[in-house]
Amino acid sequence: MEKWVIAAKRADFNQIGQQFHIDPVIARLIRNRDVIGEDKIREYLSGTVQELPSPWLMKDMEKAVDILEKKISQKAKVRIIGDYDIDGVCSTCILYKGLSRVGAKVDYVIPERIKDGYGINEHIIEKAAADGIHMILTCDNGIAAIDQIAEAKELGMTVVITDHHDIQVDEVSETEIMPSADAIVNPKRKDSKYPFSEICGAMVAYKLIQVLFEEYGIDRQEWLDMLELAAIATVGDVMKLKDENRIVVKEGLKKLANTKIQGLVSLMEKNTLDPEHISAYHVGFVLGPCLNASGRLKTARIAMELLLAENKAQADELADALKALNDERKDMTKEGTDAAIEQVETELKDDKVLVVFLPDCHESLAGIVAGRIREYYNKPVFVL
């Protein structure tokens with residue numbers, strides 16, 4: 001059995017409750033999440049989009065936008081390189097919609113999980129060069145692609161990285177090891193002045209488009225019309241729901257009731273969800289898995305096409321396909337989990353670490369199966 005311990009962090013919970021008109025139990029929960037001080041408590045309870053930190057605080061944000069403006073004015077070909085999970089797809093969609101709006105000559109590539117693996121690779125770089133691409137813009141990946149970015153630079157391409165993953169650090173000098181890109185926008189950079197580093201890749205992309213729209217004088221409402229994509233990615237990528245993440249998710253879920261993204265409307269309909277009452281649960285366990293299923297079992301382009309669908313007929317068809325893929329993913333996951341449990345019960349029950357061999361398990365589902373087995377037996381699990 002797992003052992004749960006309730007944190008006992010001290011504060012005057014009655015006073016906090018009275019001041020903010022909340023139950024003292026809620027005040028205790030907020031304190032246990034390390035939300036301290038009047039301003040932070042107020043932001044936690046009732047923060048708005050207007051309070052989000054300025055994107056200009058991110059290191060290289062100005063440089064990245066300057067590069068994009070130059071490429072757009074030159075009619076240069078820009079290629080977005082995304083990722084196949086929900087964060088990567090939403091990031092790619094935000095950048096593609098935003099850059100298209102300001103007149104960029106832009107397309108996108110999303111790597112395939114089995115053929116390409118995670119992130120940008122040499123094949124993608126070489127294909128971009130062959131296609132006459134002048135600039136590569138990554139999202140939700142790129143910060144660890146040292147060799148790949150170096151090759152892109154050797155081939156004469158401009159590279160801008162937007163990412164949120166941890167940055168490699170030299171063990172001896174303790175300096176950050178980063179690719180030779182022309183600009184690197186990542187809130188986890190040591191030299192970044194951005195106040196909250198735990199945002200997802202789609203939020204970094206969303207911040208970039210915010211600045212770009214400001215520079216082009218585009219109405220702020222058009223930027224806000226993509227907020228639900230940032231919210232879905234934040235929940236789907238399991239980011240901490242505190243600080244600006246909490247604001248984005250709260251406000252983004254509200255916007256789903258009247259979203260202008262037809263693909264999301266169709267996906268909610270196909271899953272019989274009420275748009276007026278979408279919670280983080282529905283994103284994490286219904287909508288999110290549908291968007292992730294295409295990248296797991298086929299290609300994430302299906303999810304991307306859904307988010308870009310311009311009419312209901314196309315969106316309905318793609319939403320049906322994604323729901324069917326997710327149902328298939330659930331069936332395959334159950335089959336793999338049942339086979340793993342049978343193997344543990346017959347051969348491995350006394351092992352301290354469970355190493356399960358499932359030759360018929362789809363490789364994109366091995367991690368999910370391992371997680372289920374770990375929860376069932378409360379032991380470390382490897383699924384091969």
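The values are calculated or read from the model by the stated rules, or taken from the named source; none is laboratory data. Given the structure is predicted, the values throughout are model-derived calculations rather than measurements. Glycine also receives a Cβ, built like all others from the backbone with ideal geometry; neighbour counts cover every protein chain displayed. SASA here: full protein model, heavy atoms, side chains in, ligands and nucleic acids out. Shrake-Rupley method; radii C 1.70, N 1.55, O 1.52, S 1.80 Å.
Between the alpha-carbon centres of region 74-108 and region 110-134 there is a gap of 14 Å.
Less than 5 angstrom separates the built amide H of residue 382 from those of 354, 355, 356, all sequence-distant by 5 or more or on a different chain. Comparing 341, 177, 26 in a Gaussian network model of the chain (Cα springs below 10 Å), the most mobile by mean-square fluctuation is 26. Net charge within 12 Å of residue 310 by Cβ-Cβ distance, Lys/Arg positive one each and Asp/Glu negative one each, not counting residue 310 itself? Local net charge: +2.
With Cβ to Cβ distances under 9 Å as the rule, what net charge do the other residues near residue 236 carry (K, R +1; D, E -1)? Numbers along the way, then the final one.
Numbers: positive: none; negative: 85, 87, 237.
Spelling it out: positives minus negatives among the neighbours equals -3.
Which one, 281, 381, 161, projects farthest toward the positive side of the charge dipole computed for the chain from Cβ point charges (K/R +1, D/E -1)? Working it through, the farthest residue towards the positive pole turns out to be 281.
What 222 nm value per residue comes from the helices of the chain, counting each DSSP H run with n ≥ 4 as -39,500 (n - 2.57) and dividing by all residues, nearest 500 deg cm²/dmol? Could the numbers behind the result be given before it?
Values: 16 runs with 187 residues, N = 384.
Calculated at 222 nm, the ellipticity per residue is -15000 deg cm²/dmol.
Overall, the ratio between the Cα radius of gyration of region 215-258 and 2.2 N^0.38 Å, rounded to two decimals, is 1.22. Quick one: net charge of residue 222's neighbours, Cβ under 12 Å, K/R +1, D/E -1? Charge balance in the 12 Å sphere: +1. Among 131, 163, 316, the largest mean-square fluctuation in a Gaussian network model of the chain, built with springs joining Cα atoms closer than 10 Å, belongs to 131. For the set 158, 48, the ranking by accessible area, highest first and with no ligand, DNA or RNA atoms included, is 48, 158 under a 1.4 Å probe.
Given the pairs 242/330; 127/298; 190/352, which are separated by over 32 angstrom at their Cα positions?
Check vs 32 Å cut-off fails for 190/352.
Shown in residue order for region 73-89 are the 3J(HN,Hα) couplings computed by the Karplus curve 6.51 cos²θ - 1.76 cosθ + 1.60 at θ = phi - 60°: 5, 7, 6, 6, 6, 10, 10, 8, 10, x, 9, 8, 8, 4, 5, x, 5 Hz (x for Gly and Pro). Beta-bridge orientation, the chain: approximately 10 percent antiparallel, per DSSP, counting only bridges with both partners inside. For region 358-369, 3J(HN,Hα) computed residue by residue from phi via the Karplus equation (6.51, -1.76, 1.60; θ = phi - 60°) reads 10, x, 9, 7, 4, 4, 6, 9, 4, x, 5, 4 Hz, glycine and proline entered as x. When the C-alpha to C-alpha distance is required to be over 27 Å, the pairs from 77/250; 207/334; 77/312; 40/63; 153/260; 40/250 that qualify are 77/250; 207/334; 77/312; 40/63; 153/260.
Counting only protein heavy atoms and a 1.4 Å probe, region 231-356 has 48 square angstrom of accessible area per residue.
For the chain, what's the relative contact order in percent, using C-alpha pairs closer than 8 Å and at least 6 residues apart? Don't skip to the answer; put the middle values down first.
Working: 642 pairs, mean separation 53.9, N = 384.
With pairs under 8 Å counted, the relative contact order is 14 percent.
The separation of region 339-379 from region 190-238, counted between C-alpha centres, amounts to 38 Å. For the options 308, 29, 229, a Gaussian network treatment of the chain with springs between C-alpha atoms closer than 10 Å singles out 29 as fluctuating the most. The H on the amide N of residue 168, modeled in the peptide plane, is under 5 Å from the matching H of 177, each at least 5 residues off or on a different chain.
For the chain, the residue among 291, 231, 108 whose Cα projects farthest onto the positive side of the dipole built from Cβ charges is 231. Going by accessible surface with a 1.4 Å probe and the largest first, 357, 13, 285 read 285, 357, 13.
Amide H contacts of residue 242: none lie under 5 Å away among residues 5 or more positions distant or on a separate chain (H built 1.01 Å from N in the peptide plane; Pro and chain starts excluded).
The 3J(HN,Hα) values that the Karplus relation (6.51, -1.76, 1.60; θ = phi - 60°) gives for region 274-279 are, in residue order, 8, x, 6, 9, 7, 10 Hz. Gly and Pro appear as x.
Can you give the extra length, in nm with one decimal, that the chain gains between residue 166 and residue 9 once fully stretched, where that is 0.36 nm per residue apart less the Cα-Cα distance?
The span from residue 166 to residue 9 would gain 53.6 nm if fully extended.
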